[in-house]
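Take a look at the structure below.
Laboratory data are not the source of any read-out in this text; all were calculated from the coordinates shown. What you see is a predicted model, and the numbers here were worked out from it, not measured in a lab. Glycine gets a Cβ as well: all are built from the backbone with ideal geometry, and neighbour counts include every protein chain shown.
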Amino acid sequence: ILMKLFSIGLSRGVRLFSSSTTNRNNFPQKAGKFNRELLQFLVCPLSKKPLRFDEESNELISDAVEVAYPVLDGIPNLVPQDARMLNPKTDSN
């Protein structure tokens, strides 16, 4: 599936990395800013609904389950265990 998304992105001219700096293995060292064009391919791994990017917090937000996924050096981290709950419920007895 990932290869299919990658090939679709390349065929549409989507740049997966916004930095042209490469290391000795020809991989980008830092992706820099998040590429918003990736939002057309990314969904929340929990709800399978679209995500939105919050530039202020540098996170991908899933409004469906109120979870925020961090974006580090332009790379989204969609691991549910690394996500942050937006509105944690507290017991007020």
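Results, tabulated for the structure shown:
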{"item": "Where labels lie 7 Å past Cα in the beta-carbon direction, separation of LEU39 and LEU72 in nm", "result": "2.3 nm"}
{"item": "The range 27-79, dipole about Cα centre (Lys/Arg Cβ +1, Asp/Glu Cβ -1), debye to the nearest 20", "result": "240 debye"}
